[in-house]
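No value in this document is a laboratory result; all are computed from the given coordinates. Note that the structure is predicted; figures quoted are calculated from it, not measured. Glycine gets a Cβ as well: all are built from the backbone with ideal geometry, and neighbour counts include every protein chain shown.
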Ligand code: GLA
């Protein structure tokens, strides 16, 4: 009995060993799927230099297998995540009869698939066509963003569920609410408008946007400007068609539709452009393409503040560049970004701005004091002010926060100097921003959970004497000798000091 078992075991082992490494070689086909990362092909080849392999995907193109080891019928290798900051993950590909069993992970996606052998013709048909990048160059600066751009964007409130009708209604309400006249001029469609490409490669909007040109005309007729969104990668962050391989063509399409603004979001491009130099060239490529259309475009770079983008954003034609990952509608997220991931003030000024992301005011996740901090901080930072709420249904307090002309005037101050923290005392912070008329904007923040007094001294801002002082949110002059303010929990007081 024992011998019979042993024999069986030996037979099983021999069977397993029978899968040879050569069984792995060749082209393997994933079933067609739109699920991230759009797996297409897996190829393994054995050459004189040993084994090589690549996984081809819609999102990231060809991902080379790293640290590839082949033993018997099993290959084990590392696959980089698109995000260079996430560690690579170990994958296996095991010969399994006529199929290949592939298991591994990329981002949050778990891959576990039995895939079939393909032919060289399949490999050709499904190959990822890689597109060249331009040589490094520096674009001339223009005059499109003398102050931080202001407007509205669909993303924070609507996500990818945005449509023509909503955009038109938003435009209507920007006008009727007075927000347009307060300075909010751009109506920006973020991710989610894209359909597929036609046979000529031209991108088409999806069914929610029947006629982009007509929509742009409508928005323009309201005295507003209109913005659109794309990615240097093959896919946008929400999985829509990106501009990879069609950069110049897309720029011409956006110009022909009548757009005035482009947000260009790295997304899947991060898995293709893996060095800072390549990311920069990818942004330059669109910067050049927009210029070549002859139509003025405000160009918004969104690569989450990596690679010291503030030092080169202008060179690629950018007028604003994100300094951070995505804001969320809660105090912790807003404060983490606004207080600490707001970009180096040295890089901001007329023509190019640090962008700590769009506003969440009015979306309901923060208290009024917290939203006041949000608006105060963004104004102190000379940040682009992109409304992220549904302006069709705003409470009076939301309107009051967004439309305060004195606060907006600080954000839009023509000197364009980004404010800085000048003092931190536990959970109290004092920030200052010099303004064109010689006055100083001073913000007193309380990051704590209970109200507290915050005190400043004129020397904090390099002033010997204060001639007059305005409490900006209250909209009234205050006693110029007053130095102490009670600031609510998570709240802010904004002062304008005239020396
Ligand atoms: C990224 C950007 C966001 C938004 C989404 C759209 O996350 O940072 O601002 O544009 O993509 O998918």
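Observations on the model:
- Spherically averaged projected area of the convex hull of Cα atoms, segment 215-355: 9.2 nm².
- Fully extending the segment from residue 332 to residue 125 would add 69.7 nm, taking 0.36 nm per residue of separation and subtracting the current Cα-Cα distance.
- Across segment 286-332, Cα-Cα pairs farther apart than 13 Å form 58% of the total.
- Burial ranking of peptide ranges 164-174, 95-105 (average Cβ count within 10 Å, highest at the top): 164-174, 95-105
- Within segment 101-144, backbone nitrogen closer than 16 Å to the virtual label 7 Å beyond the Cα of residue 196 toward Cβ: 126
- Euclidean distance between Cα centres, segment 219-238 to segment 54-125, Å: 34
- Inter-label distance for residue 19 and residue 35, nm, one decimal - labels placed 7 Å from Cα along Cα-to-Cβ: 2.1
- Compared with the dominant Cα axis of the chain, that is its longest principal axis, helix 212-221 is turned about 0°.
- Ordering of 238-249, 144-155 by burial proxy (mean other Cβ atoms within 10 Å per residue, highest first): 144-155, 238-249
- On a per residue basis, the convex hull of the C-alpha atoms belonging to the chain measures out at 190 Å³.
- Taking 0.36 nm per residue of separation and subtracting the current Cα-Cα distance, fully stretching the chain between residue 101 and residue 480 would add 128.9 nm.
- FRET efficiency, residue 220 to residue 52 (Cβ-Cβ, R0 45 Å, nearest 0.05): 0.25
- When 280, 74 are sorted by how many other C-beta atoms sit within 10 angstrom of their C-beta, beginning with the fewest, the order is 74, 280.
- Span from the segment 444-477 Cα centroid across to the segment 341-388 one, whole angstrom: 19
- The angle between the Cα long axis of helix 164-176 and the longest principal axis of the Cα atoms of the chain comes to about 10 degrees, rounded to the nearest 10.
- Against the main long axis of the alpha-carbon atoms of the chain, helix 368-380 sits at an angle near 90°.
- Arranged from fewest to most other beta-carbon atoms within 10 Å of their beta carbon, 70, 454 become 70, 454.
- Proxy reagent accessibility, fewest Cβ within 10 Å first, across 77, 259: 77, 259
- Two-site FRET efficiency, residue 256 against residue 138, from Cβ-Cβ distance with R₀ of 30 Å, rounded to 0.05: 0.65
- In terms of packing, defined here as the mean over residues of other Cβ atoms within 10 angstrom, the peptides 226-233, 52-59 line up highest first as 226-233, 52-59.
- Coarse-grained scattering of segment 372-448 at q = 0.18, 0.23, 0.28 Å⁻¹, given as base-10 log I(q)/I(0) from a Debye sum over alpha-carbon atoms: -0.75, -1.05, -1.29
- Expressed in Å, the radius of gyration and Dmax of the Cα atoms of segment 284-363 are 13.6, 42.
- Each 5 Å bin from zero holds the following percent of Cα-Cα pairs in segment 213-278: 4, 18, 23, 19, 16, 10, 5, 3, 1.
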